[in-house]
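What follows is one structure encoded as structure tokens, with my remarks underneath.
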Ligand SMILES: NC(=O)c1ccc[n+]([C@@H]2O[C@H](COP(=O)([O-])OP(=O)(O)OC[C@H]3O[C@@H](n4cnc5c(N)ncnc54)[C@H](OP(=O)(O)O)[C@@H]3O)[C@@H](O)[C@H]2O)c1
């Protein structure tokens, strides 16, 4: 581990390392008034980037954030990009809309969904795997030339969750028998395991080009994400809190993260983008502003699983991604 974990506000991380963001082009997925991505866009605007490309399913989701940025930082340009992540062709179309953008310094994939009832994406994948992971695999593949064009110290940051500690890829049945054996928490865990393992392999492949690649657990933040959580889930969390900890897939204890503010939730994303002290840990999982790979379990460490996942992702998205 590079340094000890700390819950920090975004302002603190920006104060320390934010200068390198001036003049940069940043693409952020999952922007809305209530999301961590919306908060991240507001926070980053203070560091004078050249352009913030804000993606959402509908323009109305980003107009509030755009207006706040326009009032506070009139020189920072923002641009809405429509992107529906439950349809791989919609992701391809969104990328085509960026033909006039020569490079992207930071590709920050934060959009996601948690515990929805079973449904499938347009391409037939369980929705959490499709939206949280497979769409990102495709997005990174398609936008990597623009990130490469930005040169050294550019970044690819993929959001994940501490639930990765209880998650694994169900390689033999990733669609939960077409919903018959669906368990919303196991499916969210699967999608986050996939995010972390993809980042591990991608980070390894891009290390020599000095492209930063990290997965980020933002902690626990009240946002739109909890919309599918039942009262029973919150009761369960209260039980876990009373017990003091949960157990991961290897039987190690997991501390339950405290609720934090959106500024604190976005801080580890900024750490991933620009903190120079973690550069040598490319591909790592970050939590509370620090490299936290020691928190992961055997299934996630297993490089055969990274290889299997990469191949499966190429097959499912019908896109070869060789590096
Ligand atoms: N909040 C937490 O405590 C927490 C903890 C661990 C991990 N995370 C991770 O943090 C990320 C951000 O979540 P958040 O807390 O900011 O939640 P949020 O407020 O619900 O934001 C998620 C964003 O993703 C978008 N999105 C969902 N499905 C989409 C789709 N099919 N196509 C395009 N966009 C889609 C949502 O847009 P719509 O409004 O249109 O649905 C929303 O803007 C997620 O990836 C989540 O796994 C959050």
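At a glance:
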{"item": "When residues of the stretch 204-224 are limited to those that are surrounded by 20 or more Cβ atoms within 10 Å (Cβ to Cβ) and not in a loop (DSSP other than H, G, I, E, B), the one nearest to the ligand (Cβ to nearest atom)", "result": "221"}
{"item": "Options 304, 315, 250; residue that is assigned to a loop (DSSP other than H, G, I, E, B) and surrounded by fewer than 20 Cβ atoms within 10 Å (Cβ to Cβ)", "result": "250"}
{"item": "Residue in the stretch 2-9 that is within 16 Å of the ligand (Cβ to nearest atom), assigned to a strand (DSSP E or B), touching a strand residue (DSSP E or B) at 6+ places or on another chain (Cβ under 6 Å) and in contact (Cβ under 8 Å) with a residue 12 or more places away in the chain present", "result": "no"}
{"item": "Residue in the stretch 160-179 that is farthest from the ligand (Cβ to nearest atom), counting only those that are assigned to a helix (DSSP H, G or I) and in contact with a strand residue (DSSP E or B) (Cβ under 9 Å, 6 or more places away or on another chain)", "result": "178"}
{"item": "Residues that are part of a loop (DSSP other than H, G, I, E, B) and either surrounded by 14 or more Cβ atoms within 10 Å (Cβ to Cβ) or without any contact (Cβ under 8 Å) to a residue 60 or more places away in the chain (or both), drawn from the stretch 253-270", "result": "256, 257, 261"}
{"item": "Residue in the stretch 64-75 that is closer than 27 Å to residue 318 by Cβ and at pLDDT 95 or above present", "result": "no"}
{"item": "Residue that is farthest from residue 248 (Cα to Cα) [pool: residues in the stretch 147-166 that are touching a helix residue (DSSP H, G or I) at 6+ places or on another chain (Cβ under 9 Å) and free of Cβ contacts under 8 Å to residues at least 60 places away in the same chain]", "result": "151"}
{"item": "Helices (runs of 4 or more DSSP H) lying entirely in the stretch 23-133 (those with 3 or more residues that are under 16 Å from the mean Cα position of the chain (by Cα), in contact (Cβ under 8 Å) with a residue 12 or more places away in the chain and within 12 Å of the ligand (Cβ to nearest atom))", "result": "36-45"}
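Residue-by-condition table, conditions (1) surrounded by fewer than 18 Cβ atoms within 10 Å (Cβ to Cβ); (2) assigned to a strand (DSSP E or B):
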position: 144; (1), (2): no, no
position: 147; (1), (2): no, no
position: 158; (1), (2): no, yes
position: 181; (1), (2): yes, no
position: 194; (1), (2): no, no
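The values are calculated or read from the model by the stated rules, or taken from the named source; none is laboratory data. Everything numeric here is computed off the predicted structure, so don't read it as measured data. Heads up, the Cβs are rebuilt from the backbone with ideal geometry, glycines too, and the neighbour counts pull from every protein chain shown.
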